[in-house]
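Colleague: This is the structure I want to talk about, given as structure tokens.
The values are calculated or read from the model by the stated rules, or taken from the named source; none is laboratory data. Source: prediction; values computed, not measured. Because the Cβ atoms are built from the backbone with ideal geometry, glycine has one as well, and the counts that use them run over all protein chains shown. Keep in mind that these areas ignore ligands, DNA and RNA; they rest on the heavy atoms of the full protein, side chains included. Shrake-Rupley method; radii C 1.70, N 1.55, O 1.52, S 1.80 Å.
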Amino acid sequence: MKTIQLFAFLILSTSFITSCSEESDYTPINASSILNLPEAPYNYTDINIPNHLSNNVLMGMGQNAAIDNDNTPTTNPTTNEGATLGRVLFYDKNLSTNGTIACASCHIQAEGFSDSRVLSIGFDIASTRRHSMSLINARWYARGRFFWDERAATLEEQVLEPFQDPVEMGMTLAEVVTNVQNQEFYPQLFTNAFGTEEITSDKISKALSQFIRSIVSVSSKYDTGRATVNIPNTNFANFTPSENNGKSLFFRPKAAGGLSCIGCHSTEAFINPSAGATNNGLDLVSTDDLGVFEAIANPQFLGAFKVPSLKNIELTAPYMHDGRFATLQEVVEHYNSGVQDHPNLSNSLKDPNGMPQRLNLTDQQITDVVNFLKTLTDTDITADPKFSDPF
Ligand code: HEC
Ligand code: HEC
């Protein structure tokens, strides 16, 4: 009985396969049968940059227009086809040694391209050394250096590191190229992006960088309110009183009763594009993570870390290079009462006597700053299909 059933199944399935392969003679292998890609590529290049990112009204050192900090190299301008290829590579688990991890495993769209785990998990279930970083606004970082310790000199250099990291993806670049070559949809995507089918690690790096540079935030509640006023200090009509008060605390200098957060989370991309890494007093002494000092052996940078963009910060918890703070309340409480007298503590977090600042904020003021930080959430980034998983 069983044999007969199996036999019948074989006949049926053989005829099924035959009829399919006959049909496929007429249907060229189509990337979209495996990949969910639009017929024409999404628009990654023609971004409607608001006035407050193209014109600077902020005063003080390190303030300029976000677009003046564009780190796109002339050798790798973003194209819609290049970013499309980058998107596919970003979500491709076959580019890790056991097929379990993609870039997107630790840079999750719904979590602001960061990871809600304190430490991320690599292909072999080992933990990364540091907390994952958001990829939003990477393009507006004039220094162009990447990682918490800024050890990668360019984004093009950075994006090849995770493949080769023994914890993250565990590959050699040659293996990455082979695994890309072995998937039938890539030659067409490379041709669309770069004009030929040839697959190299250089082109993989370029495409991934284009995709990441396309992730810029222009449509948070902050951006909507900001578009209706001339300077950020004016109250926004779309903000609650608490959000407006938090905004005022964030922007105003300490001398004027504010908290000077904008001094380091600078420009209206809320990133520190030129001054770069600094020490924000998390620890009295640096022990197991020496920050930028590990990349450049200059004692001034011992315990200094890159200042990430605050766009979508609500979604990228936990916070800091080691993910030590679970909530934004804890972060603001750190600046309020927890700043440590590290030898390299930034002067902007000291009081006039050179001691770590104590801001004496009320609970309401802490809530206000947190509420302001939440206006930087840009759900266009977390919802836009052009940044989503194409597999
Ligand atoms: C297993 C988790 C994991 C995977 C997989 C992973 N990353 Fe990361 N990523 C991290 C962590 C952790 C950091 C911070 C590491 C550090 O600073 O030492 C980071 C940092 C970055 C940064 C630096 C951001 C900045 O502002 O400096 C970029 C860009 C980035 N990753 C892109 C990628 C790309 C592209 C891939 C895939 C090729 C990838 N990541 C794969 C965990 C991961
Ligand atoms: C002296 C420069 C400086 C000032 C002033 C400053 N910050 Fe920071 N901020 C940093 C640095 C550096 C980091 C990353 C530190 C690390 O992870 O080791 C950071 C991290 C953060 C983070 C977490 C980012 C993430 O992705 O994990 C938040 C939120 C934040 N700051 C908010 C604020 C607020 C609010 C203020 C004002 C009360 C402020 N900062 C003032 C330098 C500064």
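Colleague: Does residue 297 satisfy the condition of being open to solvent by 50 Å² or more (accessible area, probe 1.4 Å), modelled with pLDDT under 95 and near ligand 2 (Cβ under 9 Å from one of its atoms)?
Modeller: Numbers: open to solvent by 50 Å² or more (accessible area, probe 1.4 Å): yes; modelled with pLDDT under 95: yes; near ligand 2 (Cβ under 9 Å from one of its atoms): no.
Judged against the criteria, residue 297 is not a match.
Colleague: On to the next question. Just name the residue that is surrounded by the fewest Cβ atoms within 10 Å (Cβ to Cβ) out of those in region 314-332 that are under 15 Å from residue 362 (Cα atoms) and within 10 Å of ligand 2 (Cβ to nearest atom). Don't jump to the end; show me each part of the working.
Modeller: Taking region 314-332 first, the residues under 15 Å from residue 362 (Cα atoms) are 329-332.
If we keep only those that are within 10 Å of ligand 2 (Cβ to nearest atom) as well, we get 330-332.
Numbers: 330: 16, 331: 23, 332: 27.
Checking each candidate, the answer is 330.
Colleague: Select, from 132, 54, 116, 105, the only residue that is out of contact with any Lys or Arg (no Cβ under 6 Å at 6 or more places or on another chain), more than 24 Å from residue 316 (Cα to Cα) and either among the polar types (S, T, N, Q) or surrounded by 22 or more Cβ atoms within 10 Å (Cβ to Cβ) (or both).
Modeller: From the options 132, 54, 116, 105, the qualifying one is 54.
Colleague: Please go through region 223-264 and give me each residue that is in contact with a Ser or Thr (Cβ under 7 Å, 6 or more places away or on another chain) and aliphatic (A, V, I, L, M), ordered by number.
Modeller: Passing the criteria: only 237.
Colleague: Does residue 344 qualify as being near ligand 2 (Cβ under 9 Å from one of its atoms) and either open to solvent by less than 50 Å² (accessible area, probe 1.4 Å) or over 24 Å from residue 145 (Cα atoms) (or both)?
Modeller: no
Colleague: Go through region 40-49 and report how many residues are surrounded by 15 or more Cβ atoms within 10 Å (Cβ to Cβ) and over 20 Å from the mean Cα position of the chain (by Cα).
Modeller: Counting residues in region 40-49 that are surrounded by 15 or more Cβ atoms within 10 Å (Cβ to Cβ) and over 20 Å from the mean Cα position of the chain (by Cα) gives 1.
Colleague: Moving on to the next point. With respect to the numbered conditions (1) acidic (Asp, Glu); (2) within 7 Å of ligand 1 (Cβ to nearest atom); (3) open to solvent by 30 Å² or more (accessible area, probe 1.4 Å), which one is the sole condition not fulfilled by residue 149?
Modeller: Unmet for residue 149, out of (1) acidic (Asp, Glu); (2) within 7 Å of ligand 1 (Cβ to nearest atom); (3) open to solvent by 30 Å² or more (accessible area, probe 1.4 Å): (3).
Colleague: Taking into account only those residues within region 107-131 that are away from ligand 2 (no atom under 14 Å from the Cβ) and part of a helix (DSSP H, G or I), which is nearest to residue 216 (Cα to Cα)?
Modeller: Applying the filter and picking the extreme gives 109.
Colleague: Taking residue 35 and the conditions (1) modelled with pLDDT of 95 or more; (2) in a loop (DSSP other than H, G, I, E, B); (3) out of contact with any Asp or Glu (no Cβ under 6 Å at 6 or more places or on another chain), which numbered condition does it fall short on, given that it satisfies the others?
Modeller: For residue 35, the failing item is (1).
Colleague: Taking residue 196 as the residue in question, decide whether it is open to solvent by 10 Å² or more (accessible area, probe 1.4 Å), part of a helix (DSSP H, G or I) and of a type in the set (S, T, N, Q).
Modeller: In short, no.
Colleague: Next question. Could you go through region 215-225 and let me know if any residue there is without any contact (Cβ under 8 Å) to a residue 40 or more places away in the chain, polar (S, T, N, Q) and either exposed (fewer than 15 other Cβ atoms within 10 Å of the Cβ) or in a loop (DSSP other than H, G, I, E, B) (or both).
Modeller: no
Colleague: Could you please find all residues in region 303-352 being in a loop (DSSP other than H, G, I, E, B) and away from ligand 1 (no atom under 16 Å from the Cβ)?
Modeller: Across region 303-352, the qualifying residues are 326, 327, 339, 340, 341, 342, 343, 344, 346, 351, 352.
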